[in-house]
Protein chains: 2
Amino acid sequence: MADIEAAVIEDVMDARRVAAIREAVAAENTARVTELLEPLHAADIADLLEQISKSERRALLHLWSGEIDGDILSELDESIREEVIEGLAPDVLADAVRELDTDDVVDILEDLEEPQQELILDALEDADRVAVEQAMSYPEYSAGRLMQREVVAAPEHWNVGQAIDFLRECETLPDQFYHVILVDPRMKPKGYVTLGRVLSSRRDKMLRDIQEESFRTIEAHEPEADVAYIFNQYHLISTPVVDESGRLVGVVTIDDAMNVLDEEHEEDMLRLAGVDDEASLSDTVWEATKGRAVWLFVNLLTAILASGVISAFAETINQMVALAVLMPIVASMGGNAGTQTMTVAVRALATRDLTAQNAMRVIRREAAVGALNGIAFGLLMAVVAGVWFGVPMLAVVMGIAMVFTLVAAAVGGILIPMGLQRFGIDPALASGPFVTTVTDVVGFFAFLGLAAWILL
Amino acid sequence: MADIEAAVIEDVMDARRVAAIREAVAAENTARVTELLEPLHAADIADLLEQISKSERRALLHLWSGEIDGDILSELDESIREEVIEGLAPDVLADAVRELDTDDVVDILEDLEEPQQELILDALEDADRVAVEQAMSYPEYSAGRLMQREVVAAPEHWNVGQAIDFLRECETLPDQFYHVILVDPRMKPKGYVTLGRVLSSRRDKMLRDIQEESFRTIEAHEPEADVAYIFNQYHLISTPVVDESGRLVGVVTIDDAMNVLDEEHEEDMLRLAGVDDEASLSDTVWEATKGRAVWLFVNLLTAILASGVISAFAETINQMVALAVLMPIVASMGGNAGTQTMTVAVRALATRDLTAQNAMRVIRREAAVGALNGIAFGLLMAVVAGVWFGVPMLAVVMGIAMVFTLVAAAVGGILIPMGLQRFGIDPALASGPFVTTVTDVVGFFAFLGLAAWILL
């Protein structure tokens, strides 16, 4: 065990190792840099390159660029990747991309500018170049872009022994494969057999007799989000991709699907918070400022709209300044309750748990939750407002306004994402400003309107 | 292709099929219910059970409960699962759990109450029961709970032929396995070979000569969140789990890791929005109300605190009601900018992209972004406020307050999650109220304080 433990510790990218690497880079000690980086996984090296500053990155690449391989390029965040590729010698770049599977090359190409794309395509061998160009001809974010074109397929009528003999003789197997796909003479997939079943069956067993019960193909034009959903929903490990005529053209494996799922999550989370969904920690100040400004601008408009409501009640506030003190509480509670419901709704739409079947029930439930919390917090705030300002009717206004606002927040929080989805707009992207507008306007209007009516 | 297409369409859970199932349930037509449900994947049946109402669910189970198998139970959301298990006949339940791998049984057991746990344990065969009880002895949310105990291991000195012969003779192989793990005589893992390599190598090839270059083990007590991170970071497909003395005790496969990753994402997203992280669409009104109330209460306290700041400037507002109209704009912009930064920070901490290495650089960047957007929106709002109320100095106050607030939002938005993480508190859970308090208090104080100082 001792040697394994040592190996595990050696692999780890900890603060000590990072400090040592930075020192070695500063001292321009190539041998030491290599010694420290060499045992690391490509993913960890990519993380390191992302986390150090731009000048340190340049210095490190200067000392060590010859060792940058395809796996590291694959793992790098796109903003950094472009920078790194620019700094690589053409032959290093060529070696790096040649060792990758086509799906990884496509993944790298997608995010690059035209001249860099040419550089990489030129570096590939002819067959690979054709494969990559074919993949790039599928729409962005489609299964065709995601799949690897290296497939392991066998005729339906083969037995286990024939499959094993074929695999032993095959010279270019994909890095990763988990099934032998059964195809008919026109290359149309008919089923698949897990490698575990192939290995544990006798040589004379027919492949079709040990194929998996459940079998799905994906059409190359399907959006990658649907691919991720299918993998997650049906616990797939790999699945054949077919063209429009049903012929096998590639395979999507679970690591790609997991990646898409991860990106979709990140997108939803960032979009809900109004952050550019391609934001990365390595963005410059200027990129980040622009990415945030769009949403802040939209929020400014909704805030001005809400201020317009307040402005209509300026006379009322002038007669009782306590209203100005208390009104942000109503709006804030509304905003929070709206965000709660909206987030639940956006998530449920993404996981396809919120459907036409249960929409009415969920809307009713949310409205009831809003009413119950409205009553609870309305009573609480009525007491607080009454004690604070000594005006009993102000307490009544506060309580009623809270109920109105929380019910509006709940109903708006679910109807707005559902409505956006219906019109083909990503609910994660656009729900926030609409929901905030509803809660602010209803909150201020209910509170100040009731005050003007009851109090004055 | 025609038959495959037909099969694919048959598998789909569309609105038409759901409507047909509901009709059949209402008509108590067992044959028709079975015919409609039979071709569906367990995951889709589970979704259907989650989406129909409680009374429909009871009616459907009454007609069809004999067919509920382990896979469907596995796929069900826990709130519904408990209800379904209660309704099953003991022998149906026993059959259902007996066909599952131990990790799936453990997953089901975890969420059940004591008496239901006993029911299921009693249904298992002795060997499985021991395995499940051992797994349950590991801490909740640990690799030990996540792993399947069925492993495929071979001595290091075996060759490919020996491995294949062993697999062919083995009677109880796991449903899913992707590697043959190489172990020493004391069952300590030394490496592993992908099934693809075993299949494509000659019988006399030594397993140790075709083992994977990169090899990691996971200790059974490691938190499942770390397991998910390792799978995602290193693109693993399965990985051996060892006990404290380094002996092989199980295997975690990627579908389990993907599940954990998915749950972690959902947790972060819901927690950020202040929703109970175990919330589900099938929660009752009362459960949902309680789950949301905690956060709303915390938000009420911070809102009252912010109102206290306004209250201190009541005299100022009394002299110029325009302040009451404009102040929510400052607070709202601060709140949104704070949420943007906080979300980026929480996500980056979760993916381990924000580390001690780049913390200072990211904090500086966020502060700069806050300052730039503060200046841009400060200028914009100064113009709006100046034109709206015709008071030039009010425009100045608005502009300066906006800069202060957005810088505070940016710095608070990143320092608060980092600080919470340092103290071992989940930043997704607790950042929101702190950040809102900072932006509200700074926003109101800067705007009203400057107004009192400059304007009056």
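The values are calculated or read from the model by the stated rules, or taken from the named source; none is laboratory data. On a predicted model such as this, the values are computed, not experimentally measured, just so you know. Cβ: placed from backbone, ideal geometry, glycine included. Neighbour counts: every protein chain shown.
Which condition number in (1) out of contact with any helix residue (DSSP H, G or I) (no Cβ under 7 Å at 6 or more places or on another chain); (2) closer than 29 Å to residue B:378 by Cα is the one that residue A:361 fails?
It is condition (2) that residue A:361 fails.
Only one of (1) over 19 Å from residue B:409 (Cβ atoms); (2) without any contact (Cβ under 8 Å) to a residue 12 or more places away in the chain; (3) under 35 Å from the mean Cα position of the chain (by Cα) is not met by residue A:305, so which one is it?
Looking at each condition in turn, residue A:305 falls short on (2).
Within region A:159-179, is even one residue part of a strand (DSSP E or B), farther than 24 Å from residue A:133 by Cα and free of Cβ contacts under 8 Å to residues at least 40 places away in the same chain? Break it down stepwise before answering.
Of region A:159-179, the ones part of a strand (DSSP E or B) are A:159, A:179.
From what is left, the residues that are farther than 24 Å from residue A:133 by Cα are A:159, A:179.
From what's left, free of Cβ contacts under 8 Å to residues at least 40 places away in the same chain: none.
Within region A:159-179 (the criterion being part of a strand (DSSP E or B), farther than 24 Å from residue A:133 by Cα and free of Cβ contacts under 8 Å to residues at least 40 places away in the same chain), the answer is no, since none of the residues qualifies.
With A:345, A:337, A:371 as the choices, which residue is under 24 Å from residue A:274 (Cα atoms), more than 8 Å from every other protein chain (Cβ to nearest Cβ) and touching a helix residue (DSSP H, G or I) at 6+ places or on another chain (Cβ under 7 Å)?
Values: A:337 fails: more than 8 Å from every other protein chain (Cβ to nearest Cβ); A:371 fails: under 24 Å from residue A:274 (Cα atoms).
Of the residues listed, the single one that is under 24 Å from residue A:274 (Cα atoms), more than 8 Å from every other protein chain (Cβ to nearest Cβ) and touching a helix residue (DSSP H, G or I) at 6+ places or on another chain (Cβ under 7 Å) is A:345.
Do we have any residue at all in region B:350-364 that's of a type outside the set (S, T, N, Q), more than 7 Å from every other protein chain (Cβ to nearest Cβ) and within 23 Å of the chain's Cα centre (by Cα)? Before the answer, list the steps.
Start the filter on region B:350-364 by keeping residues that are of a type outside the set (S, T, N, Q), which leaves B:350, B:352-354, B:356, B:359-364.
From the residues that got through so far, the ones that are more than 7 Å from every other protein chain (Cβ to nearest Cβ) too are B:350, B:352, B:359-360, B:363-364.
After this cut, where a residue has to be within 23 Å of the chain's Cα centre (by Cα) as well, the list is B:350, B:352.
The answer is yes; a qualifying residue exists.
How many residues does region B:232-258 hold that are without any contact (Cβ under 8 Å) to a residue 40 or more places away in the chain, within 24 Å of the chain's Cα centre (by Cα) and over 23 Å from residue A:75 (Cβ atoms)?
The qualifying residues number 0.
Residue by residue through region B:292-311, note down the ones that are more than 13 Å from residue B:275 (Cβ to Cβ) and either facing chain A (nearest Cβ under 7 Å) or of a type in the set (Phe, Trp, Tyr) (or both).
Listed by number, the residues that qualify are B:297, B:300, B:303, B:304, B:306, B:307, B:310, B:311.
Among the residues of region B:86-109, how many are free of Cβ contacts under 8 Å to residues at least 24 places away in the same chain and crowded, with 19+ Cβ neighbours inside 10 Å?
Qualifying residue count, region B:86-109: 0.
Filter region A:180-189 down to residues that are part of a loop (DSSP other than H, G, I, E, B) and not basic (Lys, Arg) and give me whichever is nearest to the other protein chains (Cβ to nearest Cβ). Give the steps one after another, and end with the answer.
Taking region A:180-189 and keeping what is part of a loop (DSSP other than H, G, I, E, B), we get A:184-188.
Imposing the further condition that a residue be not basic (Lys, Arg) reduces the set to A:184-185, A:187.
Values: A:184: 9, A:185: 13, A:187: 11 Å.
Among residues in region A:180-189 that are part of a loop (DSSP other than H, G, I, E, B) and not basic (Lys, Arg), the one nearest to the other protein chains (Cβ to nearest Cβ) is A:184.
Tally time: how many residues in region B:166-181 are loosely packed, with under 13 Cβ neighbours inside 10 Å and under 18 Å from residue B:105 (Cβ atoms)?
Step one: of region B:166-181, the residues loosely packed, with under 13 Cβ neighbours inside 10 Å are B:169-172.
Then drop every residue that is not under 18 Å from residue B:105 (Cβ atoms), which leaves B:172.
The number of residues fulfilling the criteria is 1.
Those residues that are away from chain B (no Cβ under 12 Å) and over 17 Å from residue A:220 (Cα atoms), I need them from region A:131-179; list them, please. Steps first, please.
Restricting attention to region A:131-179, the residues satisfying the condition of being away from chain B (no Cβ under 12 Å) are A:131-149, A:151, A:153, A:155-159, A:162.
Hits for region A:131-179 are A:153, A:155, A:156, A:157, A:158, A:159, A:162.
Given the residues A:128, A:103, A:184, A:122, which is the only one that is under 30 Å from residue B:43 (Cα atoms) and in the same structural domain as residue A:82 (by TED's automatic domain parsing)?
On the way: A:128 fails: under 30 Å from residue B:43 (Cα atoms); A:184 fails: in the same structural domain as residue A:82 (by TED's automatic domain parsing); A:122 fails: under 30 Å from residue B:43 (Cα atoms).
On inspection, the qualifying residue turns out to be A:103.
Kindly check whether there is at least one residue in region A:386-409 that is facing another protein chain (nearest Cβ under 7 Å) and modelled with pLDDT of 95 or more. Don't jump to the end; show me each part of the working.
Filtering region A:386-409 down to residues facing another protein chain (nearest Cβ under 7 Å) leaves none.
Scanning region A:386-409 turns up no residue that is facing another protein chain (nearest Cβ under 7 Å) and modelled with pLDDT of 95 or more.
Just to be sure, is residue B:46 aliphatic (A, V, I, L, M) and modelled with pLDDT of 90 or more?
Values: aliphatic (A, V, I, L, M): yes; modelled with pLDDT of 90 or more: yes.
Here the answer is yes, as residue B:46 does meet what is asked.
Please go through (1) within 28 Å of residue B:273 (Cα to Cα); (2) in contact (Cβ under 8 Å) with a residue 24 or more places away in the chain; (3) surrounded by fewer than 18 Cβ atoms within 10 Å (Cβ to Cβ) for residue A:263 and return the number of the only condition it doesn't satisfy.
Every condition holds for residue A:263 apart from (2).
Please indicate, with yes or no, whether at least one residue in region B:265-281 is part of a loop (DSSP other than H, G, I, E, B) and either within 22 Å of residue A:198 (Cβ to Cβ) or more than 21 Å from the chain's Cα centre (by Cα) (or both). Working first, answer last.
Residues of region B:265-281 part of a loop (DSSP other than H, G, I, E, B): B:273-281.
Filter again for either within 22 Å of residue A:198 (Cβ to Cβ) or more than 21 Å from the chain's Cα centre (by Cα) (or both), leaving none.
No, because not a single residue in region B:265-281 is part of a loop (DSSP other than H, G, I, E, B) and either within 22 Å of residue A:198 (Cβ to Cβ) or more than 21 Å from the chain's Cα centre (by Cα) (or both).
Those residues that are in contact with a strand residue (DSSP E or B) (Cβ under 8 Å, 6 or more places away or on another chain) and more than 11 Å from chain A (Cβ to nearest Cβ), I need them from region B:244-266; list them, please.
Listed by number, the residues that qualify are B:248, B:249, B:250, B:251, B:252.
Being surrounded by fewer than 23 Cβ atoms within 10 Å (Cβ to Cβ), outside any loop (DSSP other than H, G, I, E, B), over 32 Å from the mean Cα position of the chain (by Cα) and more than 7 Å from chain A (Cβ to nearest Cβ) is the filter here; which residues of region B:191-209 pass it?
B:197, B:206, B:208, B:209
Check off (1) more than 8 Å from every other protein chain (Cβ to nearest Cβ); (2) surrounded by fewer than 22 Cβ atoms within 10 Å (Cβ to Cβ); (3) under 23 Å from residue A:324 (Cα atoms) for residue B:314 and give me the number that stays unchecked.
Checking residue B:314 against (1) more than 8 Å from every other protein chain (Cβ to nearest Cβ); (2) surrounded by fewer than 22 Cβ atoms within 10 Å (Cβ to Cβ); (3) under 23 Å from residue A:324 (Cα atoms), the one that fails is (1).
Any residue that is outside the structural domain of residue B:344 (by TED's automatic domain parsing), among the acidic types (Asp, Glu) and assigned to a strand (DSSP E or B) - is there at least one of those in region B:244-264? Explain how you work it out, then say what you get.
Taking region B:244-264 as the starting set, the residues that turn out to be outside the structural domain of residue B:344 (by TED's automatic domain parsing) are B:244-264.
Adding the requirement that they be among the acidic types (Asp, Glu) leaves B:244, B:255-256, B:262-264.
Next cut, assigned to a strand (DSSP E or B) only: none.
Checking region B:244-264: not a single residue is outside the structural domain of residue B:344 (by TED's automatic domain parsing), among the acidic types (Asp, Glu) and assigned to a strand (DSSP E or B).
How do the pairs read when you match residues in region A:407-431 that are among the charged types (D, E, K, R) with residues anywhere that are surrounded by fewer than 23 Cβ atoms within 10 Å (Cβ to Cβ) and modelled with pLDDT of 95 or more, using Cβ under 7 Å and keeping only pairs 6 or more apart or on different chains?
Between residues of region A:407-431 that are among the charged types (D, E, K, R) and residues that are surrounded by fewer than 23 Cβ atoms within 10 Å (Cβ to Cβ) and modelled with pLDDT of 95 or more, there is no close pair.
Give me the residue from region A:49-85 that is in contact with a Leu (Cβ under 7 Å, 6 or more places away or on another chain) and hydroxyl-bearing (Ser, Thr, Tyr) and, out of that set, surrounded by the fewest Cβ atoms within 10 Å (Cβ to Cβ).
Among those residues, the one meeting the criterion is A:65.
Checking the condition over 23 Å from residue A:202 (Cα atoms), touching a Ser or Thr at 6+ places or on another chain (Cβ under 9 Å) and not basic (Lys, Arg), which residue from B:174, B:185, B:223 passes? Talk me through it step by step, then tell me what you get.
Details: B:174 fails: over 23 Å from residue A:202 (Cα atoms); B:185 fails: touching a Ser or Thr at 6+ places or on another chain (Cβ under 9 Å).
None of the others qualify; the one that does is B:223.
Looking only at region B:210-221, filter to residues that are assigned to a loop (DSSP other than H, G, I, E, B) and in contact (Cβ under 8 Å) with a residue 40 or more places away in the chain; which one of those is surrounded by the fewest Cβ atoms within 10 Å (Cβ to Cβ)?
At the first step, the residues of region B:210-221 found to be assigned to a loop (DSSP other than H, G, I, E, B) are B:211-217, B:220-221.
Add one more test, that the residue is in contact (Cβ under 8 Å) with a residue 40 or more places away in the chain, and what stays is B:220-221.
Numbers: B:220: 24, B:221: 13.
If we take residues in region B:210-221 being assigned to a loop (DSSP other than H, G, I, E, B) and in contact (Cβ under 8 Å) with a residue 40 or more places away in the chain, then B:221 is surrounded by the fewest Cβ atoms within 10 Å (Cβ to Cβ).
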